[in-house]
Amino acid sequence: MSARHCDRHDPLGTDLDGVLTNEESGFDLKSLWCEEGRIVEEFVMEQPIPPYLFAFAVGELGFREVGPRTRVYSEAVDGVLDAAAREFAGTEEMIRQAESLFGEYEWERFDLLVLPPSFPYGGMENPRMVFLTPTVIKGDASGAQIVAHELAHSWTGNLITNKNNEHFWLNEGFTTYAERRIIEVVQGEDIAALTIGNGWRGLNEEVERFKDNMEYTKLKNNQEGVHPDEMYSRVPYEKGFQFLWRIEHQIGRPAFDEFLKKYIATFKFKSIDTGIFLDFLKANVHGIEKDIDLQLWTEGTGIPPDAHEPVSNLYIKITSLANDFKLGRIPREDEVASWKGQEWELYLKNLPRAVEPSQVLALDARYRLSESKDYDVKVGFLQLAISSRCRDYYGEVEKTLKEVGRMRYLRPLYSDLVQGPGNEEDKILAERVFAEARECYHPIAQGVIEAIFAKHV
Ligand SMILES: [Zn+2]
């Protein structure tokens, strides 16, 4: 993780100018020597991990301390480090809260690395050093939600790992559940309910997207002959969350918390599948199979009838304001005064897919959503503009597609441009922008966008 000078006279682990020391790197550097003109380093990590969690980060990196076991690293450009340090100042508090919920943090360091904009995901839970998209820096500490997710993986995913990708929900459903429990403690019940609500909308959208391929809406699924990137979606996250939330509601939170701690302690540093989880659930929560149709939840398609939306005053207020928009009413300033990104995201997600272009312009004239620094808000608004064929914003759409490489934003923007009848102009725009921006995207993102074009163009 660092470049080191090649000098045989430097004692092992010496603090060399501008490079990380043994202690700083968070790894146990066992040896360092030069061999035939090459620098050879050996690092040792005691905890076992599956291969997909092994990653290199190579670059000219700086860092800021944000907690006793956390540093934020990034390329030292454009004030990113300072902004990231502010955004993630509450990380240690989150780790402590997570430990009280799920047991001791087993990985010693919890460092964060902010990557360049081409990183195709929100985050990647590499143990000891989480990788993050720069779009997570929103300026209001709400980006902590992704950090809560990657932190939760320290227990669910990294400690207990799915045996293979057909049981991916064991990683992501549990982690989404754990993330929201952390958010509930550090940001409050209302914000947790908003994230559940945004997830609920997302799950419904994914089930609609896969209506011709319902196999992809199962928690446990058959991926033989299927490229994992093709079926990657919010389903294992949000349907998995809903399943665990359903069990929590059935048996009550204290009993579920006790079950969760026992589950983590029993299977830590092991890989398991859905059957092993269900056997453990039935053995520890007697009679659960009579109250919840476990087979329907894990092997059925779509959303089971006993799944449910969150209920909170803030959630109801936002969704009802979104309903008012259908009647032409834009929220008043006092109604949105306390809104941050998550509130706007939920509001936008609950609007009709397409409205009159004049309504899009009126909403933006009042709240400048097209200029938001929070991409969840900005892209949610631009999607509304595209679906409503409000072409005043297509310049901003193009700019956005050329400055971020996170698939969470690329996928919906390209999809909305190319799908539906009578939008030849939009398809031509999408193809031109992709041709110009393609080289800046990660190969995984390139493949996903090519698949969108293959389906619709
Ligand atoms: Zn995850």
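The values are calculated or read from the model by the stated rules, or taken from the named source; none is laboratory data. In this text, all values refer to a predicted model and were calculated from it rather than measured experimentally. Cβ coordinates were reconstructed from backbone atoms using ideal geometry, including for glycine residues, and neighbour counts include every protein chain displayed.
Filtering region 276-299 to residues that are under 25 Å from the mean Cα position of the chain (by Cα) and crowded, with 17+ Cβ neighbours inside 10 Å leaves Phe277, Trp297, Thr298. Within region 262-280, restricting attention to residues that are in a helix (DSSP H, G or I) and among the charged types (D, E, K, R), the residue that is nearest to Leu53 (Cα to Cα) is Lys262. Could you go through region 95-105 and let me know if any residue there is assigned to a loop (DSSP other than H, G, I, E, B), in the same structural domain as Val185 (by TED's automatic domain parsing), touching a helix residue (DSSP H, G or I) at 6+ places or on another chain (Cβ under 7 Å) and surrounded by 19 or more Cβ atoms within 10 Å (Cβ to Cβ). No: zero hits. The criterion of at least 2 residues that are hydroxyl-bearing (Ser, Thr, Tyr) is met, among helices (runs of 4 or more DSSP H) falling completely within region 333-382, by 357-367.
Please specify each residue of region 110-136 satisfying the condition of being within 12 Å of the ligand (Cβ to nearest atom) and not aliphatic (A, V, I, L, M). Passing the criteria: Tyr121, Gly122, Gly123, Glu125, Asn126, Phe131.
A quick yes/no check of all residues on (1) more than 16 Å from the ligand (Cβ to nearest atom); (2) of a type in the set (Lys, Arg):
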position: Gly143; (1), (2): no, no
position: His149; (1), (2): no, no
position: Ile160; (1), (2): no, no
position: Lys163; (1), (2): yes, yes
position: Leu194; (1), (2): yes, no
position: Met214; (1), (2): yes, no
position: Glu230; (1), (2): yes, no
position: Pro236; (1), (2): no, no
position: Ile247; (1), (2): yes, no
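Pairs needed: first member in region 185-200, of a type in the set (D, E, K, R); second member anywhere, in a helix (DSSP H, G or I); C-beta distance under 7 Å; at least 6 residues apart or different chains. Correct list of pairs: Asp190/Leu314. Does Phe174 satisfy being surrounded by 22 or more Cβ atoms within 10 Å (Cβ to Cβ), within 15 Å of the ligand (Cβ to nearest atom), over 14 Å from the mean Cα position of the chain (by Cα) and assigned by TED's automatic domain parsing to the domain that holds Lys261? Judged against the criteria, Phe174 is not a match. Taking the criterion of being surrounded by 21 or more Cβ atoms within 10 Å (Cβ to Cβ) and over 23 Å from the mean Cα position of the chain (by Cα), the residues of region 365-386 that qualify are Ala385, Ile386. I'm trying to understand the selection: among the residues of region 117-154, which are assigned to a loop (DSSP other than H, G, I, E, B) and of a type in the set (Gly, Ala, Ser)? Listed by number, the residues that qualify are Ser118, Gly122, Gly139, Ala141, Ser142, Gly143, Ser154. Exactly one condition in (1) in contact (Cβ under 8 Å) with a residue 12 or more places away in the chain; (2) surrounded by fewer than 22 Cβ atoms within 10 Å (Cβ to Cβ) is not met by Pro254; state its number. Only one criterion is unmet by Pro254, namely (1). With respect to the conditions (1) touching a Leu at 6+ places or on another chain (Cβ under 7 Å); (2) within 12 Å of the ligand (Cβ to nearest atom); (3) part of a helix (DSSP H, G or I), Arg181 falls short on a single one, namely (2).
The set of residues from region 394-406 being surrounded by fewer than 22 Cβ atoms within 10 Å (Cβ to Cβ) and not acidic (Asp, Glu) comprises Tyr394, Gly395, Lys399, Thr400, Lys402.
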